[in-house]
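Quick notes on the structure that follows.
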Amino acid sequence: MHNAISFPPLAAPSARVLILGSMPGIASLKAGEYYAHPRNAFWPIMGELFGFSAKLPYSERAQQLRKHHIAVWDVLRACQRQGSLDSAIERDTEEPNDLHGFLSEHRGVRHIFFNGGKAEACFRRHFVRAQFPAPLRLTRLPSTSPAHAGMPVTTKQEAWEAVAIAANEY
């Protein structure tokens, strides 16, 4: 069992969309980068949607998301878990991030997308009664994790097109 601590949010002040994961996996924690596992489909999908190479250095990929008004963070600030799987997160150790504070500072965010069911479940558990600064649309997307291999990447990408639409509509 190990303690996992999330990263700070990846966001520009102009963010319109927030993509929430649950907690970075071991590969991401070791690299200090969101979605660092080589088989995670997050960066290839974002690259296709926003016209950049998933092979760019991390700082440049992060800048591309900021440029397109996309913020990335996790629902959980900390938790205990064995390995990287969301299913291994020990529920009674979950500590949520300060989403209220984030949304107060990023008032342009109108849509939150969840990268998979665990992120949505954690959000609903920890923020079910939260009053946020602005009305929010909430959408669960298929997980980009390699553990969610039952769905082809092309099908995931079709669902994730909603992120590009939302980033451009506000």
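Look through the stretch 48-70, keep the residues that are under 15 Å from the mean Cα position of the chain (by Cα) and among the aliphatic types (A, V, I, L, M), and return whichever of them is surrounded by the fewest Cβ atoms within 10 Å (Cβ to Cβ).
Among those residues, the one meeting the criterion is ALA62.
So, in the stretch 148-161, how many residues would count as being surrounded by 17 or more Cβ atoms within 10 Å (Cβ to Cβ) and not polar (S, T, N, Q)?
2
Evaluate the following for SER143: is it buried (at least 16 other Cβ atoms within 10 Å of the Cβ), within 15 Å of PHE42 (Cβ to Cβ) and modelled with pLDDT under 90? So that I can check it myself, show each step before the final result.
Working: buried (at least 16 other Cβ atoms within 10 Å of the Cβ): yes; within 15 Å of PHE42 (Cβ to Cβ): yes; modelled with pLDDT under 90: no.
For SER143, the condition - buried (at least 16 other Cβ atoms within 10 Å of the Cβ), within 15 Å of PHE42 (Cβ to Cβ) and modelled with pLDDT under 90 - is not met.
Would you pick out the residues in the stretch 39-75 that are closer than 20 Å to GLY101 by Cβ and not in a helix (DSSP H, G or I)?
Correct list: HIS69, ILE70, ALA71, VAL72, TRP73, ASP74, VAL75.
Here is a check on your reading of the model: is ALA78 closer than 25 Å to MET46 by Cα, at pLDDT below 95 and either in a helix (DSSP H, G or I) or in contact with a helix residue (DSSP H, G or I) (Cβ under 9 Å, 6 or more places away or on another chain) (or both)?
It is false that ALA78 is closer than 25 Å to MET46 by Cα, at pLDDT below 95 and either in a helix (DSSP H, G or I) or in contact with a helix residue (DSSP H, G or I) (Cβ under 9 Å, 6 or more places away or on another chain) (or both).
Out of the residues in the stretch 1-37 that are part of a strand (DSSP E or B) and small (Gly, Ala, Ser), state the one that is surrounded by the most Cβ atoms within 10 Å (Cβ to Cβ).
By that ranking, first place goes to GLY21.
Taking the criterion of being touching a Cys at 6+ places or on another chain (Cβ under 8 Å) and either touching a residue at least 60 places away in the same chain (Cβ under 8 Å) or over 22 Å from LYS156 (Cβ atoms) (or both), would at least one residue in the stretch 38-52 satisfy it?
No; the residues of the stretch 38-52 include none that is touching a Cys at 6+ places or on another chain (Cβ under 8 Å) and either touching a residue at least 60 places away in the same chain (Cβ under 8 Å) or over 22 Å from LYS156 (Cβ atoms) (or both).
With (1) under 20 Å from CYS122 (Cβ atoms); (2) buried (at least 23 other Cβ atoms within 10 Å of the Cβ); (3) over 12 Å from the mean Cα position of the chain (by Cα) as the list, and ILE45 as the residue in question, which single condition is left unmet?
(1)
Output the residues belonging to the stretch 104-153 that are among the charged types (D, E, K, R) and in a loop (DSSP other than H, G, I, E, B).
Residues satisfying the conditions are ARG107, ARG110, ARG129.
Looking at ALA119, ALA164, which one is surrounded by fewer than 19 Cβ atoms within 10 Å (Cβ to Cβ), within 13 Å of ILE19 (Cα to Cα), of a type in the set (A, V, I, L, M) and in contact (Cβ under 8 Å) with a residue 60 or more places away in the chain?
So the residue among ALA119, ALA164 that is surrounded by fewer than 19 Cβ atoms within 10 Å (Cβ to Cβ), within 13 Å of ILE19 (Cα to Cα), of a type in the set (A, V, I, L, M) and in contact (Cβ under 8 Å) with a residue 60 or more places away in the chain is ALA164.
Evaluate the following for GLY51: is it small (Gly, Ala, Ser) and over 23 Å from ALA164 (Cβ atoms)?
Here the answer is no, as GLY51 does not meet what is asked.
The values are calculated or read from the model by the stated rules, or taken from the named source; none is laboratory data. Keep in mind the model is a prediction, meaning the values are calculated, not measured. When we count neighbours, we look across all protein chains shown, and the Cβ atoms used for this are built from the backbone with ideal geometry, even at glycine.
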